[in-house]
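Just so it is clear, none of the values below were taken in a lab; they were calculated from the coordinates. A quick note: this is a predicted structure, and the numbers were derived from the prediction, not measured. For neighbour counting, all protein chains shown are included, and Cβ atoms are generated from backbone atoms with ideal geometry for every residue, glycine included.
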Amino acid sequence: MADDKIPIDDLNLLLAEHRALLTKIAELREWATAVGEHGIPRFGEMGTRMEQLRDRLRTHFEEEEKGGYLSPIVEIAPRFAKEIEELGGQHGELLLTLDRFIARLHETEPPFASWQQAMREFEEFIGALRQHEGRENTIAQAAYGQDIGAAD
């Protein structure tokens, strides 16, 4: 819609939050790599660190769902309403997957054959999360007509 004022601040908030999530993930990866190099798994501590990511992710999803980052897109480009609704439906699934992983990390006898197996599961979750966030960025890019990149 040519006369609509594009709320670039909303776009910038979305991108800033996605970057903050990526920073937290990078910190977790760095720590997990260092633990792997020492050869002594620290599953419980990984669970605690994952809880911090989960809290940040929950807050991020709540902001999106209450009309935060993505609602202006629906106002500007209603053609994305269904896809944004579908993305919102993934929030609970992503959090549940993360909760289950965290619970397994905190078990007295974690069910992982190795640290590497736990980290593969971590990477699978991160892959799903990045795909989700990438779809949001793609929608925002199309709605706002800006190249914001899939990894932002």
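Among Phe80, Thr59, Pro111, which residue has its Cα positioned farthest towards the positive end of the charge dipole of the chain, with +1 placed on the Cβ of Lys and Arg, -1 on the Cβ of Asp and Glu, and the dipole taken about the Cα centre? Of the listed residues, the answer is Pro111.
What does the net charge come to around Pro110 if you take all other residues with beta carbon closer than 13 Å to its beta carbon, with K and R at +1 and D and E at -1? Working shown, then result.
On the way: positive: Arg42, Arg100, Arg104; negative: Glu45, Glu107, Glu109, Glu121.
Around Pro110, the charge tally is -1.
Toward the positive end of the charge dipole of the stretch 21-144, with +1 on the Cβ of Lys and Arg and -1 on the Cβ of Asp and Glu, the farthest Cα among His91, Gly39, Ser71 is that of Gly39. Each Lys and Arg adds +1 at its Cβ and each Asp and Glu adds -1 at its Cβ; summed about the Cα centre, the chain shows a dipole of about 360 debye.
In nm², what is the average projected area of the convex hull enclosing the Cα atoms of the stretch 21-144? Across all orientations, the stretch 21-144 yields a mean hull projection of 7.6 nm².
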